[in-house]
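Here is the structure we will look at, set down as structure tokens.
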Amino acid sequence: MIVERSASIETPHSSNATRNACRLCAPLGAVWAYRGIANCVPLLHGGQGCATYIRRYLIGHFREPVDVAASNFSEQTAIHGGAERLATSLHNLAAQYNPSVIGVASTCLAETIGEDLPFLVRRTLGRWKGDGPPPATITASTPSYAGDHASGYRAAVRAIVEQLGGDRPGSDHRIGLFPPMVSPADLRSLAASVRAYHCEPITVPDPSEAFDGGAWADLETLTAGGTEVRDIAAIGSACGLVGFTNPAPEPAPQDLLHERYNTPSVTLPLPVGLTACDQWHSALETFSGTSMPRAIEAERARLLDAYRDGHKYVAGRRAALYGETELILPLARLLWEIGMVPAICATGGDAKGLRRELDSLAPAGAEQIQVLSESDFMDLDAGIDAYGVDMLIGHSRAYHLAQARHLPQVRIGFPVHDRMGAARIRMCDYAGTLELFERIANACIERAQDGNSVGYLTM
Amino acid sequence: MSKDIAILAERQDQVGRADGSAISCGRHSTAGAVTQRACVFCGSRVVLYPITDALHIVHGPVGCAAYTWDIRGSLSSGRELHRLGFSTDLREREVVFGGEKKLRAALDELIAEHKPAGAFIYSTCLAGVIGDDVDAVCKAASTRHGIPVIPVQAPGFAGTKITGYRVACDALATLVGTGDTSTVPAGAINILGDFNLAGELWTIKSYYQVMGVPIISTITGDARINDIRRAHGAALNVVQCSGSMIHLARDMERRFGIPYIQVSYVGFEDTAAALYAVAEKLVNTDAMQRAQELVRNEVAKVTPELRRLKKLLAGRTVALYTGGAFKALSLVRALRSLGMRTVLAGCQTGGDQDYQELQRLCDPDTVIVDDITTHELGRFLARGGVDLFIGGVKERPLAYKLGIAFCDHNHERKHGLAGFDGMLTFAEEVFSSVSSPVWKLPVTRGEMG
């Protein structure tokens, strides 16, 4: 008898408090996005602590300098409004950094006292007293009482395309990409794939250099790289726009631009895993009119070959995934693809969209999985006790859960504070998937080997 | 000086030379400056953080709690409630209707779940502007559960990090004096302002044990609520990190007549001076003799290795930027004992007197800075002539990008740097970075290193 059932069960957050939070605040995501615009310096309209805590988190992860300014509210500002401090901040930032763009994001404090950020910024630019012309600005509303770092990132990316986006006549060989908060190495992989089809990528935003730069010969006050404002201003004329599955209710940047400029656009799963990568490369073929280059065919073949070589080590292994929806979703898809079980998917945000996507992805007959909604790390702790997993896959902040149970943890996502190389962790495209697959397989092998005195010369 | 490092007009008087005019300080950070300071909440949170058997609940949105969950390397010899990050995680609904109900429910649940000896409730920016009566909720919870539930009024905008220290001291002051001191031995001390990073407090305690000086409470490293309640039984408060704890020491002097001394355990000179000062203040000749013996033994133990390192480090130059001023002063002295010269010294929270003392202590041309911006720091370091930067993790990549060695002397570090052994660890850590061959590799191909 076939019983109709959902592929996942949702466990709601079990407490009146959040205990060891599994999400960060919205302004962090905005800062991440703004650092991906060329010569852009982020400014938070709020307290000094907001900027410093966010800097601390990003610097610890990327091991790169990350300058974030704050308008630095005082008691007076909280009472009388922050117009003056915001104006001073914009002038002081322009004087120190000479930026092309200042990316402004609000905080819970500014939003709660009712600051009209777009108006205040416009007014400051209209009465500009700086030496040169005022820089371009972007404003995004990112109060930390709503959403999380991922929604803050999305809000800032939307603000970037809405406020800086434009087009020019005709179509060209550029492809616009709107990736979620992935590593600089993944951003480089995605861009390289576009180039392999003889197109020029415009990644919005592109913090791959800002968050993974080299040693300096001289001081760089604003680090190199990032999406050029002029490229965003012409993005409407790209030959294609690629966004990635994002189950949030707000419109995605590729949809906004498609609506405005009729630019061909597609929304794909993030290319993690063979089938998702196939979809990504099919889209690149369509937009570029070029078929898949041989070198990429070879990468694809190597990935499938590795899957076959390694399938038994991972077969049936159960993993806990945690973090933002944009990370959990591609990872769950990958695990199902290689015969593993994403037994627990824990997000600190609302899981409605995540569940919908997971239910549609789950292979027929798959074991029912647990989705933890609005969860924290104590919920995940209880979930692991209740359902059992063989490993954790996600960022560093669950290390104590893995450590206490002597479980392997494959570190990926944000933040990875306790290892080198967070900026170079890959999952995207065939080659990135291969790297991640081998890390997962090796975690399984290492665990078996650690508990066994027999030699592992052959396996 | 201001020309080549482009200091903002508002900040000109916060930067100077040791032989120059007074450094302006204690101000709100300049709008639009990227400074190393955090906020009032941060100041209070770091001070109270190491109290190990209390719940620390952030009444605010999730970020403030997430960024301060399990962040300090403060060790505990008992419970580890301090390493958990609790929050009421305020949302839009609470912004509109208030967060008191949520706070009450969170308190009831978390207290039942964790059975803490007390709880600290941090009011952040958001709680501050939506007008929750946190005091009333705490008072009622305290009565219901029979433990101290202490509000910490720390909206981020209500001052600077220094204000946060004061707020933390106010919270502690409500505990001090509420416990029974009948079993406290005579001539006992409180250790204030050590946070037991990497077990440093235990090192310091071992010195006082050798001296035969009893310790009632340690505030706040490895602290227990009930020990803090009995802290007023002490004969002397020994205050390190005076920026954060002086307010409590003064309060205890005023209310209970307990004198205090300011000390530091960074470096030989300061550690020895601290132990002698305690013995002297307690008029305990026995303790003094034991302290002298201890200092002799400890110094003898590490001196040969330190001499070797000094030979290798002598003449190197250092820029240092700390949270509190007292640490900056100690570091200048400790570095001098290694033959190293401080070319820039600054801190986040120094006061007028601190900077005057720093100016007196440093070489005439040493740059002295209050609340340095990242922009200024980058320019200073890029001018050359700095072999080592001592600061926090936020500043580390800037040093490395510019090819400068780095030593972490902030609250996240994993090595104990206090006391006599700590001085050796410090010298070794400095040497491990300064002497690395990676600095000699050419930045561009073909260039000679």
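Could you say whether any residue in region A:14-23 is more than 7 Å from every other protein chain (Cβ to nearest Cβ) and under 21 Å from the mean Cα position of the chain (by Cα)?
Yes, that holds for at least one residue.
Does residue A:357 qualify as being touching a Pro at 6+ places or on another chain (Cβ under 6 Å) and at negative phi?
Here the answer is yes, as residue A:357 does meet what is asked.
Here is a yes/no grid of residues against (1) in contact with a Gly (Cβ under 7 Å, 6 or more places away or on another chain); (2) at positive phi; (3) within 14 Å of another protein chain (Cβ to nearest Cβ):
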site	(1), (2), (3)
A:207	yes, no, no
A:211	no, no, yes
A:219	yes, no, yes
A:227	yes, no, no
A:231	no, no, no
A:237	yes, no, no
A:245	no, no, no
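Do we find a residue being closer than 16 Å to residue A:44 by Cα and either of a type in the set (Phe, Trp, Tyr) or facing chain B (nearest Cβ under 7 Å) (or both) anywhere in region A:130-142?
Checking region A:130-142: not a single residue is closer than 16 Å to residue A:44 by Cα and either of a type in the set (Phe, Trp, Tyr) or facing chain B (nearest Cβ under 7 Å) (or both).
Failed condition for residue A:64, given (1) surrounded by fewer than 21 Cβ atoms within 10 Å (Cβ to Cβ); (2) under 26 Å from residue B:391 (Cβ atoms), with all others met?
Evaluating residue A:64 over (1) surrounded by fewer than 21 Cβ atoms within 10 Å (Cβ to Cβ); (2) under 26 Å from residue B:391 (Cβ atoms) leaves (1) as the failure.
Restricting to region B:21-48, what's the tally of residues that are within 8 Å of chain A (Cβ to nearest Cβ) and over 14 Å from residue B:373 (Cα atoms)?
4
Looking at region A:29-66 only, could you name the residues that are in a helix (DSSP H, G or I), within 7 Å of chain B (Cβ to nearest Cβ) and over 19 Å from residue A:97 (Cβ atoms)?
Of everything in region A:29-66, those that are in a helix (DSSP H, G or I), within 7 Å of chain B (Cβ to nearest Cβ) and over 19 Å from residue A:97 (Cβ atoms) turn out to be A:49, A:53, A:56, A:57, A:60.
Collect the residues in region A:1-18 that are of a type outside the set (A, V, I, L, M) and either in a helix (DSSP H, G or I) or farther than 30 Å from residue A:361 by Cα (or both), keeping them in residue-number order.
Once the filter is applied, which keeps residues that are of a type outside the set (A, V, I, L, M) and either in a helix (DSSP H, G or I) or farther than 30 Å from residue A:361 by Cα (or both), region A:1-18 yields only A:16.
Answer yes or no as to whether residue B:429 is facing chain A (nearest Cβ under 9 Å), surrounded by 16 or more Cβ atoms within 10 Å (Cβ to Cβ) and within 29 Å of residue B:271 (Cα to Cα).
Considered against the rule, which asks whether it is facing chain A (nearest Cβ under 9 Å), surrounded by 16 or more Cβ atoms within 10 Å (Cβ to Cβ) and within 29 Å of residue B:271 (Cα to Cα), residue B:429 comes out as no.
What tally of residues in region A:159-172 results from selecting those that are modelled with pLDDT of 95 or more and surrounded by fewer than 19 Cβ atoms within 10 Å (Cβ to Cβ)?
Qualifying residue count for the region: 3.
Check residue B:191 against each of (1) hydrophobic (A, V, I, L, M, F, W, C); (2) more than 24 Å from residue B:71 (Cα to Cα); (3) outside any helix (DSSP H, G or I) and name the one condition it does not meet.
Of (1) hydrophobic (A, V, I, L, M, F, W, C); (2) more than 24 Å from residue B:71 (Cα to Cα); (3) outside any helix (DSSP H, G or I), only one is false for residue B:191: (2).
Considering only residues that are surrounded by 12 or more Cβ atoms within 10 Å (Cβ to Cβ), polar (S, T, N, Q) and at pLDDT below 95, which ones fall in region A:429-458?
A:449
Pairs only if they're at least six apart or on different chains, beta carbon under 7 angstrom, first in region B:393-404 and at the interface with chain A (Cβ under 8 Å from one of its Cβ atoms), second outside any loop (DSSP other than H, G, I, E, B) and among the small types (Gly, Ala, Ser); list them, first residue then second.
Qualifying pairs under 7 Å: B:393/A:60; B:398/B:378; B:402/B:382.
Just wondering, is there one or more residues in region B:114-121 that are within 7 Å of chain A (Cβ to nearest Cβ) and in contact with a Leu (Cβ under 9 Å, 6 or more places away or on another chain)?
First pass over region B:114-121, keeping only residues within 7 Å of chain A (Cβ to nearest Cβ): none.
Looking through region B:114-121, none of the residues is within 7 Å of chain A (Cβ to nearest Cβ) and in contact with a Leu (Cβ under 9 Å, 6 or more places away or on another chain).
Among the residues of region B:263-285, is there at least one that is touching a strand residue (DSSP E or B) at 6+ places or on another chain (Cβ under 7 Å) and within 30 Å of residue B:376 (Cα to Cα)?
No, because not a single residue in region B:263-285 is touching a strand residue (DSSP E or B) at 6+ places or on another chain (Cβ under 7 Å) and within 30 Å of residue B:376 (Cα to Cα).
For region B:88-102, what are the residues that are over 19 Å from residue A:348 (Cα atoms) and within 9 Å of another protein chain (Cβ to nearest Cβ)? First the steps, then the outcome.
Quick first cut of region B:88-102, residues over 19 Å from residue A:348 (Cα atoms) only: B:95-101.
Passing the criteria: only B:95.
Would you mind finding the one in A:423, A:404, A:398, A:431 that is within 14 Å of chain B (Cβ to nearest Cβ), of a type in the set (A, V, I, L, M), in a helix (DSSP H, G or I) and closer than 30 Å to residue A:298 by Cα?
A:423 is the lone residue from the list that is within 14 Å of chain B (Cβ to nearest Cβ), of a type in the set (A, V, I, L, M), in a helix (DSSP H, G or I) and closer than 30 Å to residue A:298 by Cα.
Is there a residue being surrounded by fewer than 24 Cβ atoms within 10 Å (Cβ to Cβ), at the interface with another protein chain (Cβ under 10 Å from one of its Cβ atoms) and within 20 Å of residue B:202 (Cβ to Cβ) anywhere in region B:51-66?
Looking for residues that are surrounded by fewer than 24 Cβ atoms within 10 Å (Cβ to Cβ), at the interface with another protein chain (Cβ under 10 Å from one of its Cβ atoms) and within 20 Å of residue B:202 (Cβ to Cβ), one finds none in region B:51-66, hence no.
Report whether or not residue B:18 is among the aliphatic types (A, V, I, L, M) and facing chain A (nearest Cβ under 9 Å).
Spelling it out, it is not the case that residue B:18 is among the aliphatic types (A, V, I, L, M) and facing chain A (nearest Cβ under 9 Å).
Go through region B:325-372 and count every residue that is within 14 Å of chain A (Cβ to nearest Cβ) and touching a helix residue (DSSP H, G or I) at 6+ places or on another chain (Cβ under 7 Å). Please lay out each step first, then the result.
Of all residues in region B:325-372, those within 14 Å of chain A (Cβ to nearest Cβ) come to B:348-349, B:371-372.
Retained after the next criterion (residues that are touching a helix residue (DSSP H, G or I) at 6+ places or on another chain (Cβ under 7 Å)): B:348-349, B:371.
Count: 3.
Criterion first (more than 9 Å from every other protein chain (Cβ to nearest Cβ), modelled with pLDDT under 95 and crowded, with 24+ Cβ neighbours inside 10 Å) does residue B:127 satisfy it?
Here the answer is yes, as residue B:127 does meet what is asked.
Please work out if residue B:300 is of a type in the set (Gly, Ala, Ser) and buried (at least 16 other Cβ atoms within 10 Å of the Cβ).
Here the answer is no, as residue B:300 does not meet what is asked.
Please indicate, with yes or no, whether at least one residue in region A:89-107 is more than 26 Å from residue B:5 (Cα to Cα) and at the interface with another protein chain (Cβ under 8 Å from one of its Cβ atoms).
Within region A:89-107 (the criterion being more than 26 Å from residue B:5 (Cα to Cα) and at the interface with another protein chain (Cβ under 8 Å from one of its Cβ atoms)), the answer is yes, since at least one residue qualifies.
Being at pLDDT below 95, of a type in the set (A, V, I, L, M, F, W, C) and under 27 Å from the mean Cα position of the chain (by Cα) is the requirement here; does residue B:162 meet it? Don't jump to the end; show me each part of the working.
Values: at pLDDT below 95: yes; of a type in the set (A, V, I, L, M, F, W, C): yes; under 27 Å from the mean Cα position of the chain (by Cα): yes.
The answer is yes for residue B:162.
Considering only region A:68-83, state which residues are more than 7 Å from every other protein chain (Cβ to nearest Cβ) and either assigned to a loop (DSSP other than H, G, I, E, B) or crowded, with 24+ Cβ neighbours inside 10 Å (or both). Write out each step before concluding.
Taking region A:68-83 first, the residues more than 7 Å from every other protein chain (Cβ to nearest Cβ) are A:70, A:76, A:79-83.
Hits for region A:68-83 are A:70, A:81, A:82.
Restricting attention to region B:143-159, and to residues there that are under 20 Å from residue B:226 (Cβ atoms) and not aliphatic (A, V, I, L, M), which single residue is nearest to the chain's Cα centre (by Cα)?
Filtering first and then ranking leaves B:151.
Could you go through region A:176-193 and let me know if any residue there is of a type in the set (S, T, N, Q), assigned by TED's automatic domain parsing to the domain that holds residue A:238 and over 17 Å from the mean Cα position of the chain (by Cα).
The answer is yes, given that some residue of region A:176-193 is of a type in the set (S, T, N, Q), assigned by TED's automatic domain parsing to the domain that holds residue A:238 and over 17 Å from the mean Cα position of the chain (by Cα).
The values are calculated or read from the model by the stated rules, or taken from the named source; none is laboratory data. All of these numbers come straight from a predicted model, not from anything done at the bench. Counting neighbours? That spans all protein chains shown, and the Cβs are built from the backbone with ideal geometry, glycine included.
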